[in-house]
Ligand code: MLT
């Protein structure tokens, strides 16, 4: 496994962690995390794929120079990762939650460069008025009291009760990523997510082979809703993973990795 960074067109440094050889698989993390949420995929999928895990703007080691950006800008960053590391070929793209929102944007802008999609613990719809207002409150709270006061409350929804009570390695790794978040990073992502487009109407035209994964105990992107929207995709299969909340790749890495491996190998 190794990491590198390069200067993106936006003027931000884009940091990427890489492992393995083979078909390129780009992994986009959720909020408020970074590439380390994919630790079990960087090790467990590297035997079969070239696993590429960028830090999105303002998270991990990727910088954030501007006040505001959109999820389409993040999709442009992903395209720069592809051009920088993969040359001419297409990528398989896997996004979790916020990373899934970026994957939808990537599909809209760059579907010609996409061989397959994995959408995990995510949803195609935009924020409603209540969700937008909630994001504004979170931004205000982060500016007043720091990012930890906003993001620390999320851990109880992201992990199963079992993982929260156990306080083991997974809990501590998620907590560490959250503790390292900056106010700028949190503000930028909350703003971009509040303004994101709604992809629900576009689902029937998303013909890229797609694997959708949900956590059976996910309170943020529930399995029942995931089954419903994924049924609108013409070329997709949906799997619900037991004993998992919102961070299925971290909580059930073996099950998650075998689903991804089988899906991508069959393309
Ligand atoms: C995430 O895990 O990325 C977040 O739950 C996304 C969101 O806040 O909508």
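Computed from the coordinates by the stated procedures, all read-outs in this text should not be read as laboratory data. Model, not experiment: these values are computed from the prediction. Note that we place each Cβ from the backbone using ideal geometry, even for glycine, and neighbour counts take in every protein chain shown.
Values computed for the structure shown
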{"quantity": "In the stretch 52-77, residue nearest to residue 194 (Cα to Cα) [restricted to those that are in contact with a strand residue (DSSP E or B) (Cβ under 9 Å, 6 or more places away or on another chain) and in a helix (DSSP H, G or I)]", "calculated": "74"}
{"quantity": "Matching residues in the stretch 201-250 - criterion: being part of a loop (DSSP other than H, G, I, E, B) and within 16 Å of the ligand (Cβ to nearest atom)", "calculated": "217, 218, 219, 220, 221, 222, 244, 245, 246, 247"}
{"quantity": "Residue in the stretch 149-166 that is in contact with a strand residue (DSSP E or B) (Cβ under 6 Å, 6 or more places away or on another chain) and either within 12 Å of the ligand (Cβ to nearest atom) or under 19 Å from residue 223 (Cβ atoms) (or both) present", "calculated": "no"}
{"quantity": "Counted residues, the stretch 113-131 - those being surrounded by 15 or more Cβ atoms within 10 Å (Cβ to Cβ) and not in a loop (DSSP other than H, G, I, E, B)", "calculated": "8"}
